[in-house]
1. Excluding the sites themselves, what is the longest stretch of the chain that contains no trypsin sites (Lys or Arg not before Pro) in a DSSP loop with at most 12 other C-beta atoms within 10 Å?
2. Does the chain come out rounded, prolate or oblate by the C-alpha gyration tensor, with a ≥ b ≥ c the root eigenvalues, rounded set by a/c under 1.5 and, if not, prolate when a/b is larger than b/c and oblate if not?
3. Give, rounded to the nearest 20 debye, the magnitude of the charge dipole that the chain has about its Cα centre when Lys and Arg contribute +1 at Cβ and Asp and Glu contribute -1 at Cβ.
4. DSSP loop chymotrypsin sites (Phe, Trp or Tyr not before Pro) in the range 1-90 with at most 16 other Cβ atoms within 10 Å of their Cβ, which ones?
5. Considering only DSSP states other than H, G, I, E and B, which GluC sites (Glu not before Pro) in the range 31-121 qualify as loop sites with at most 12 other Cβ atoms within 10 Å?
6. For the range 15-80, give the percent of accessible area contributed by carbon and sulfur heavy atoms, probe 1.4 Å, rounded to a whole number.
7. For the range 1-77, with every protein chain kept in place, what is the accessible area per residue (1.4 Å probe, Å²)?
8. Would you mind calculating the relative contact order of the chain from Cα pairs under 8 angstrom and at least 6 residues apart, reporting the percent as a whole number?
Amino acid sequence: QVQLVESGGGLVQPGGSLRLSCAASGRIFSIGDMAWYRQASGKQRELVAHITRGEITDYADSVKGRFTISRDNAKKTVYLQMNSLRPEDTAVYYCNSKIRTTWTERLSDYWGQGTQVTVSS
């Protein structure tokens with residue numbers, strides 16, 4: 001079984017920073033693209049940031065210049081550094097990874113359980 005475990009969420013004031021982490025564990029042969037999504041109350045889940053295995057990144061327009069995605073392949077971990085947080089960044093943040101569990105398997109999507117980020121004064 002593969003598990004993605006997120007950490008680092010919490011309550012922060014507007015303008016503050018948080019760093020989310022997501023570590024993959026279990027039966028893993030290789031990890032491809034990794035990403036962070038978020039879902040605000042009453043809204044659809046949206047892509048926040050994406051990073052390829054070769055560390056090419058892209059971001060939602062709403063977070064460009066404020067958020068930075070990175071990964072440590074040796075640790076099987078993806079990070080999201082969030083700066084200059086705004087109330088509209090409040091959401092549950094989910095990590096997503098495309099993982100191959102054996103060399104014969106295709107890459108499949110795996111999701112973390114989500115971590116709450118609340119930006120409020």
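The values are calculated or read from the model by the stated rules, or taken from the named source; none is laboratory data. All values reported here derive from a predicted model rather than from experimental measurement. Note: ideal-geometry Cβ built from the backbone for every residue, glycine included; neighbour counts use all protein chains shown. For accessibility, only protein heavy atoms count, side chains too; no ligands or nucleic acids. Shrake-Rupley method; radii C 1.70, N 1.55, O 1.52, S 1.80 Å.
1. On the way: sites that count: Arg27, Lys43, Lys64, Lys75, Arg106.
Longest site-free region, per DSSP loop and neighbour criteria: 76-105.
2. Details: a/c = 2.12, a/b = 1.89, b/c = 1.12.
Verdict is prolate for the chain.
3. Values: 15 positive and 11 negative charges, 42 e Å.
Dipole of the chain, to the nearest 20 debye: 200 debye.
4. Working: sites: Phe29, Trp36, Tyr37, Tyr59, Phe67, Tyr79; in loops: Phe29.
Hits after loop and neighbour filter: Phe29.
5. Answer in residue order: Glu55, Glu105.
6. Working: 1610 of 3520 Å².
That share works out to 46 percent.
7. Numbers: 4410 Å² over 77 residues.
For the range 1-77, the solvent-accessible area averages 57 Å² per residue.
8. Details: 305 pairs, mean separation 43.8, N = 121.
Across the chain, relative contact order equals 36 percent.
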